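To start, the structure itself, in structure tokens.
The values are calculated or read from the model by the stated rules, or taken from the named source; none is laboratory data. In this text, all values refer to a predicted model and were calculated from it rather than measured experimentally. All Cβ positions, even for glycine, are placed from backbone atoms using ideal geometry, and neighbour counts span all protein chains on display. Ligands, DNA and RNA are excluded from the accessible area calculation, which covers all protein heavy atoms including side chains. Shrake-Rupley method; radii C 1.70, N 1.55, O 1.52, S 1.80 Å.
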Amino acid sequence: MTKLKVAIQKSGRLSEKSLSLLKECGIRLSNGDRKLKTEAFNFPLEILFLRDDDIPQYVEQGVADIGILGANEVREKQKDISIVEKLGFAGCRLSLAIPKDEQYTGLSYFNQRRIATSYPAILSRFCREQNLDVRIEEIGGSVEIATGIGLADAVFDIVSSGSTLIMNGLKEVEVVAKSEAVLVANKNLSQEKDRLLKKLLFRMGAVKQASENKYILLNAPNEAIDAISAVLPGMKSPTILPLAQQGWSSIHSVVREEEFWEVIDQLKEFGAQGILVVPIEKMIL
Ligand code: ATP
Ligand code: MG
């Protein structure tokens with residue numbers, strides 16, 4: 001039987017989230033301990049546990065069919081693979097940072113300076129575009145200590161909260177690229193594997209929709225039903241159920257997480273009471 005081979009990070013920031021995404025898609029893996037590979041027993045899928053740096057190459061060569069990794073790593077490795085879906089976790093940025101007491105004078109600050117990074121390809125492309133003449137010191141990890149030990153004058157690295165930079169006496173001065181976890185795929189998948197990928201993407205879509213939406217229930221006077229329905233259109237239209245108390249109804253609908261607070265304010269103005277908001281586990285449009 002054809003199996004879709006999925007590469008995920010063996011251990012690191014993406015591992016847990018990648019596994020839990022598969023789990024939320026209803027995929028159960030045959031054992032928890034991470035060997036080199038494991039199989040799902042309710043979906044034709046095989047998981048390969050790899051270093052994230054290696055995933056683009058494995059996917060390009062077809063050793064893995066698809067993979068989950070940071071867009072930053074995809075961009076750095078420049079392999080011939082497709083990004084099929086943004087996954088919305090592991091959000092971060094690739095930034096230039098300099099010692100905090102230095103005065104930053106704009107991009108020309110970096111001219112003739114040494115910049116330490118694990119992302120030499122992205123950095124050199126950026127410097128070429130900006131006509132900067134820099135020396136790139138490529139290092140594998142712990143980039144943030146490079147200025148402190150005299151290896152470089154600046155660093156180019158992943159930043160999320162910025163606390164690592166601060167702890168190392170650095171300040172972020174330029175954001176060069178944004179990143180999040182993405183699903184990548186080999187460009188020549190067989191028809192059968194492509195069908196499996198579509199099936200997986202459908203499930204991922206349902207999980208993502210669910211996380212972006214909330215189920216909302218409230219009580220409202222009947223006069224307010226039209227106004228409330230207008231701000232809570234739901235998937236098709238809201239469900240309206242009469243309450244035992246005359247003149248009142250219960251309204252059920254779905255609301256986007258990002259519109260949530262604004263909608264709640266309007267609902268209160270329309271006289272809604274007893275508003276309940278609950279998470280949705282899966283959502284299929
Ligand atoms: P590996 O051993 O697999 O090579 P690694 O040390 O290169 O692991 P991690 O630090 O586990 O990688 O990070 C994996 C990915 O997670 C990064 O490529 C990036 O996309 C994302 N990431 C890294 N740091 C952060 C952060 N602070 N916040 C959010 N996402 C991050
Ligand atoms: Mg890595």
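Residues of segment 107-125 that are within 16 Å of residue 175 (Cβ to Cβ) and open to solvent by less than 70 Å² (accessible area, probe 1.4 Å): 107, 109, 110, 115, 117, 119, 122, 123. Pairs are defined by a Cβ separation below 7 Å, a sequence spacing of at least 6 or placement on different chains, a first member in segment 9-20 that is under 18 Å from residue 203 (Cα atoms), and a second member that is open to solvent by 20 Å² or more (accessible area, probe 1.4 Å) and more than 6 Å from ligand 1 (Cβ to nearest atom); the pairs so defined are 17/89. Against the conditions (1) under 30 Å from residue 65 (Cα atoms); (2) open to solvent by 70 Å² or more (accessible area, probe 1.4 Å), residue 87 satisfies every one except (2). Only a single item in (1) touching a residue at least 40 places away in the same chain (Cβ under 8 Å); (2) more than 14 Å from ligand 1 (Cβ to nearest atom); (3) open to solvent by 10 Å² or more (accessible area, probe 1.4 Å) is not met by residue 74, and it is number (2).
Applying the criterion of being more than 16 Å from ligand 1 (Cβ to nearest atom) and assigned to a strand (DSSP E or B) to the residues of segment 163-202, the residue that is farthest from residue 106 (Cα to Cα) is 185. Given the condition within 16 Å of ligand 2 (Cβ to nearest atom), part of a strand (DSSP E or B) and under 30 Å from residue 283 (Cβ atoms), answer yes or no: does some residue in segment 79-94 qualify? Yes, segment 79-94 contains at least one residue that is within 16 Å of ligand 2 (Cβ to nearest atom), part of a strand (DSSP E or B) and under 30 Å from residue 283 (Cβ atoms).
Do the conditions hold for residue 49, that is, is it more than 13 Å from ligand 1 (Cβ to nearest atom) and of a type in the set (Phe, Trp, Tyr)? Considered against the rule, which asks whether it is more than 13 Å from ligand 1 (Cβ to nearest atom) and of a type in the set (Phe, Trp, Tyr), residue 49 comes out as no. With the requirement that a residue be open to solvent by less than 80 Å² (accessible area, probe 1.4 Å), within 16 Å of ligand 2 (Cβ to nearest atom) and under 20 Å from residue 91 (Cβ atoms), what does segment 1-58 give you? The answer is 8, 9, 12, 14, 15, 18, 52, 53, 55, 56.
Give the residue that is modelled with the lowest pLDDT, with candidates limited to residues of segment 254-276 that are assigned to a strand (DSSP E or B) and exposed (fewer than 14 other Cβ atoms within 10 Å of the Cβ). Ranking the candidates gives 256 first.
Can you find a residue in segment 178-189 that is farther than 20 Å from residue 261 by Cα, surrounded by fewer than 16 Cβ atoms within 10 Å (Cβ to Cβ), polar (S, T, N, Q) and at pLDDT 95 or above? For segment 178-189, residues farther than 20 Å from residue 261 by Cα, surrounded by fewer than 16 Cβ atoms within 10 Å (Cβ to Cβ), polar (S, T, N, Q) and at pLDDT 95 or above: present.
Do the conditions hold for residue 66, that is, is it in contact (Cβ under 8 Å) with a residue 12 or more places away in the chain and away from ligand 1 (no atom under 16 Å from the Cβ)? Judged against the criteria, residue 66 is a match. For residue 67, are the conditions met, namely being within 30 Å of residue 11 (Cβ to Cβ), crowded, with 22+ Cβ neighbours inside 10 Å and among the small types (Gly, Ala, Ser)? For residue 67, the condition - within 30 Å of residue 11 (Cβ to Cβ), crowded, with 22+ Cβ neighbours inside 10 Å and among the small types (Gly, Ala, Ser) - is met. Considering each of 208, 193, 187 in turn, give the residue that is in contact with an Asp or Glu (Cβ under 7 Å, 6 or more places away or on another chain), of a type in the set (Lys, Arg) and within 30 Å of residue 158 (Cα to Cα). Selected residue: 187, the only one of 208, 193, 187 that is in contact with an Asp or Glu (Cβ under 7 Å, 6 or more places away or on another chain), of a type in the set (Lys, Arg) and within 30 Å of residue 158 (Cα to Cα). For segment 190-241, a residue qualifies if it is surrounded by 17 or more Cβ atoms within 10 Å (Cβ to Cβ), basic (Lys, Arg) and over 22 Å from the mean Cα position of the chain (by Cα), and exactly one does: 193.
The number of residues in segment 126-162 that are open to solvent by 60 Å² or more (accessible area, probe 1.4 Å) and either without any contact (Cβ under 8 Å) to a residue 12 or more places away in the chain or in a helix (DSSP H, G or I) (or both) comes to 7.
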